[in-house]
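Report on the structure given below.
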Ligand SMILES: [Zn+2]
């Protein structure tokens, strides 16, 4: 026990208080990106579905969120905010101002209201997250279809010294065309980039990626019936020479960024691809053909509990639908 505690302490001490920490959370099929600044400010960009994001925030020692961002109103981005708002009482909520007519949306808004969170419409502005991290809010162009949640995704360009990260929700080609025209030079050369729409074949394009020239691409993805990530998107990321991480394969992906812009990467499961600007082979899909008849079988295999996105997870085994089976 003593040895374990010491190991945990050593691990924790490798993250210095001077570092910016970015975590692409393993929340199954959906997006959730947690940013913690060197001076302790925090932002959560999307929250996946269910309780997974809230549980991960707790495990990372988050006490209160300064900023919550809903990239758009679909459940795989906002569902988890119901639990995040209750537990972490975000001070401010940034969103696209486009209400979704779903029960999830209503529950999430009610949770933010109960938490006393102040709403902020995503317009072109810069938000200081602590003393050293800048968030440039990049709203969807006015030319995109007004009622399309994906097309109205909220873009955020984070800068910390020379380090840049861009998050663009599930933005559509109509969105990225406008973004490229209006913000091209600022977006150029992002270190870390979130794949649009979980690596769907309809969103990222060679033209858009040539504007950003991302070094690292992270895909927020879990078991799904949409074919995410698509072979087309994976080929685009490979062609541009980006290193690809995916939350279904690598679990939670963490970037620890120093003041000089250099960063290290770690993953919560499986071996990590080496972060390099050269093209690397795309990691093959994990073997997800494990199935369990019931929770007794899961426990017998020593696999309990199973989080959504992990091998063997199924809705059937997750009776309370919280994203964790056989807990
Ligand atoms: Zn989505």
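The values are calculated or read from the model by the stated rules, or taken from the named source; none is laboratory data. Owing to the predicted nature of the structure, the values given are computational and were not obtained by experimental measurement. No Cβ is skipped: glycine too gets one built from the backbone with ideal geometry, and neighbour counts run over all protein chains shown.
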* Please specify each residue of segment 184-199 satisfying the condition of being more than 16 Å from residue 138 (Cα to Cα), in contact with a helix residue (DSSP H, G or I) (Cβ under 9 Å, 6 or more places away or on another chain) and more than 16 Å from the ligand (Cβ to nearest atom). => 189
* To do: Please state which of the following conditions residue 202 fails to meet, knowing it meets all the rest: (1) within 14 Å of the ligand (Cβ to nearest atom); (2) crowded, with 24+ Cβ neighbours inside 10 Å.
  => (2)
* Structure fact -> Residue pairs qualifying under the 6 Å Cβ cut-off, at least six apart or on distinct chains, with the first in segment 91-104 being in contact (Cβ under 8 Å) with a residue 60 or more places away in the chain and the second being part of a loop (DSSP other than H, G, I, E, B) and crowded, with 19+ Cβ neighbours inside 10 Å, are 94/122
* Of all residues in segment 227-250 being within 14 Å of the ligand (Cβ to nearest atom) and free of Cβ contacts under 8 Å to residues at least 40 places away in the same chain, which is farthest from residue 206 (Cα to Cα)? -> 227
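The rows are residues; the columns are (1) in the same structural domain as residue 79 (by TED's automatic domain parsing); (2) modelled with pLDDT of 95 or more; (3) touching a helix residue (DSSP H, G or I) at 6+ places or on another chain (Cβ under 7 Å).
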| residue | (1), (2), (3) |
| --- | --- |
| 214 | yes, yes, no |
| 219 | yes, yes, yes |
| 224 | yes, yes, no |
| 232 | yes, yes, no |
| 251 | yes, yes, no |
| 255 | yes, yes, no |
| 269 | yes, no, yes |
| 274 | yes, no, no |
| 313 | no, no, no |
